[in-house]
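The block underneath contains the structure these notes are about, expressed in structure tokens.
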Number of protein chains: 4
Amino acid sequence: MKITIINTGGTFNKKYNLIKGALDVREDASSLEKIFSWTHNVDFEVKNILALDSLEINNKHRDIIIKNIQDSNNKNIIVIHGTDTMNETATYLDERIKDKNIVITGAMIPMSIDTTEAVMNFASAYGFLNAKIDEGIYIALHGVVCSHDKIYKDKKIGKFLVK
Amino acid sequence: MKITIINTGGTFNKKYNLIKGALDVREDASSLEKIFSWTHNVDFEVKNILALDSLEINNKHRDIIIKNIQDSNNKNIIVIHGTDTMNETATYLDERIKDKNIVITGAMIPMSIDTTEAVMNFASAYGFLNAKIDEGIYIALHGVVCSHDKIYKDKKIGKFLVK
Amino acid sequence: MKITIINTGGTFNKKYNLIKGALDVREDASSLEKIFSWTHNVDFEVKNILALDSLEINNKHRDIIIKNIQDSNNKNIIVIHGTDTMNETATYLDERIKDKNIVITGAMIPMSIDTTEAVMNFASAYGFLNAKIDEGIYIALHGVVCSHDKIYKDKKIGKFLVK
Amino acid sequence: MKITIINTGGTFNKKYNLIKGALDVREDASSLEKIFSWTHNVDFEVKNILALDSLEINNKHRDIIIKNIQDSNNKNIIVIHGTDTMNETATYLDERIKDKNIVITGAMIPMSIDTTEAVMNFASAYGFLNAKIDEGIYIALHGVVCSHDKIYKDKKIGKFLVK
């Protein structure tokens, strides 16, 4: 199976920077390396296009995401994205891309701090792509993979909830 | 979404026993607790029916697995099973159950030692169940969720490979 | 052996707060719980007196640290403290306390992110206190336990170095 | 500071072997690599002389340990050793080596499974060596560094206890 990963940064990719004494978004996909060591049956294409907290993502960035998705030969796409504006990006993509299977995922806690949540979200995304699904924009978070408009982030409790 | 987990043990659930100085299969599903803390959108029913290394699993055990699957009201089933005889169990189930969506998964390394692999395999299973799939017996391992007869364990290199 | 732990916060105790999307200093000593589960031979008294980044620590805070050390019946003291002003606090204590064995320690990376560094620094502190040492103020960091004026933090590379 | 590490194997060094489906003692000191990445102030000499479960260690092996200690130019020695016969080895060494500072340590749970316990024991050993201590044979385990005849392993509960 071929999957293109569009990596835009977000909490998923944050790592501790001991010089700054804070977490920052890494520009590489080093958080994915442990996952890739176990996905030898998948042909991943990785595009590290942005390294942003999702609060910084605007429509110019979303156009870059779209261009990279359209430029890819692969039908199956996983977008790694910060959680705060994940739904906005999903809606923006939904209005502009009709012929791809796109699952957007991310994490509430950096994979470098909580392996379980980040890996769960990412792996549920590719598990879903293994089925025969309709083209569209999906979100994979907290146990669910569903159409992007069926799930939202409850910022008070820090969880994604199905509507 | 409702999913029944049939837990038969296997490497997935092994934990270090410091009195014995060796790994043993825990009879509970404690390895799943970290996963459950992030799957608040899923209604899991957990049946810890066996705590066996899969080399010990015979057809009597498989009949117990089948009875528990048939007794469940849920259509979606995840079976956690040791890797060595996972394919034999899948074939046995395939001949006897026709009306359920069953994904068998497990791990090459205990979740207590390598969080990434075990969580990946489990989460890809429920990600797959989120799609509209045909009834059948599937295996979720190493990046893939597919019909059980399309994947096998290469015991020399310790990896599941797609045929 | 009896040891009083004076916990002032610092990076050692930082944990990820998923609502804020950032690390914060926990007011409890929850980072020490994993250590305590293995130190059943030590009678630890824990005083969580501050929960500060060490850049915020001033002489008023240092006077609180001193009061708590002097109020303790124990001779052996471990102070957990942020790394940026650890040496200033050590000098301040050295001028005011003469009759205790005090080891100051901390971490460059939160224990919740890198177990190895934080545990190393803390355990080297109590290992040192197991020897017959002269009263004084010591720092335990990055492989060394020595008089506080023999070691400093190189902020450019994020390491403590022996002079 | 210069410290020679005599690595004889033991649980400390065990890692999961996914082909065998069991833990084995690695012949290298790879478990120490994470520790070494934070001990840049220490000049460690590492001798990987044995890779044995301590139940297999006999006096021939102990003579090899002694020869390696005597051949080292360093006064400060850490011996990594399985816990079951740690006290026997300590007694054997005590009768034959009088001019070195030797701390024997190990772990009840492999460092690859529980980072905290193994790192604690090892770091308390070098913390102790940073003090001016009398020559002798010490054991560093579970919060304590003391003369080897003051501590023993309670095999029923899996803990080292001070007498």
### Task
Could you grab me the full set of residues in the stretch B:85-132 that are β-branched (Val, Ile, Thr) and within 14 Å of B:Gly143 (Cα to Cα)?
B:Val103, B:Ile104, B:Thr105, B:Thr116, B:Val119
### Task
Could you tell me whether any residue of the stretch B:18-28 is away from chain A (no Cβ under 14 Å), touching a residue at least 40 places away in the same chain (Cβ under 8 Å) and not aromatic (Phe, Trp, Tyr)?
yes
#### Entry: Residues of the stretch D:116-140 that turn out to be touching a residue at least 24 places away in the same chain (Cβ under 8 Å) and of a type in the set (Ser, Thr, Tyr), as a count
2
### Residue under evaluation B:Asn41, criteria (1) surrounded by 20 or more Cβ atoms within 10 Å (Cβ to Cβ); (2) in contact with a Phe, Trp or Tyr (Cβ under 9 Å, 6 or more places away or on another chain), criterion not met
(1)
### Task
Look at C:Val79 and say whether it is buried (at least 18 other Cβ atoms within 10 Å of the Cβ), of a type in the set (A, V, I, L, M, F, W, C), under 20 Å from C:Asp134 (Cα atoms) and at pLDDT 95 or above.
yes
### Task
Just need a number here: residues in the stretch B:16-33 that are crowded, with 17+ Cβ neighbours inside 10 Å and closer than 18 Å to D:Ile109 by Cβ.
7
#### Entry: Count of residues meeting criterion [crowded, with 17+ Cβ neighbours inside 10 Å, in contact (Cβ under 8 Å) with a residue 40 or more places away in the chain and at the interface with another protein chain (Cβ under 7 Å from one of its Cβ atoms)] in the stretch D:141-158
1
### Task
Go through the stretch B:84-123 residue by residue and tally those that are more than 30 Å from A:Ala107 (Cβ to Cβ), buried (at least 19 other Cβ atoms within 10 Å of the Cβ) and either modelled with pLDDT under 95 or of a type in the set (A, V, I, L, M) (or both).
2
### Task
Determine whether B:Tyr126 is of a type in the set (Phe, Trp, Tyr) and surrounded by fewer than 24 Cβ atoms within 10 Å (Cβ to Cβ).
no
### Summary
Considering residues that are more than 8 Å from chain D (Cβ to nearest Cβ), β-branched (Val, Ile, Thr), more than 23 Å from C:Phe36 (Cα to Cα) and outside any helix (DSSP H, G or I), the number found within the stretch C:81-136 is 2
### Task
Scan the strands (runs of 3 or more DSSP E) fully inside the stretch C:1-67 and keep the ones with 1 or more residues being over 25 Å from A:Lys20 (Cα atoms).
C:2-9, C:43-52
### Query
Quick one: which of C:Gly82, C:Gly136, C:Gly127 is touching a helix residue (DSSP H, G or I) at 6+ places or on another chain (Cβ under 8 Å) and on the phi > 0 side of the Ramachandran plot?
C:Gly136
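The values are calculated or read from the model by the stated rules, or taken from the named source; none is laboratory data. The model shown is predicted, which means the values in this text are computed figures rather than measured ones. Heads up, the Cβs are rebuilt from the backbone with ideal geometry, glycines too, and the neighbour counts pull from every protein chain shown.
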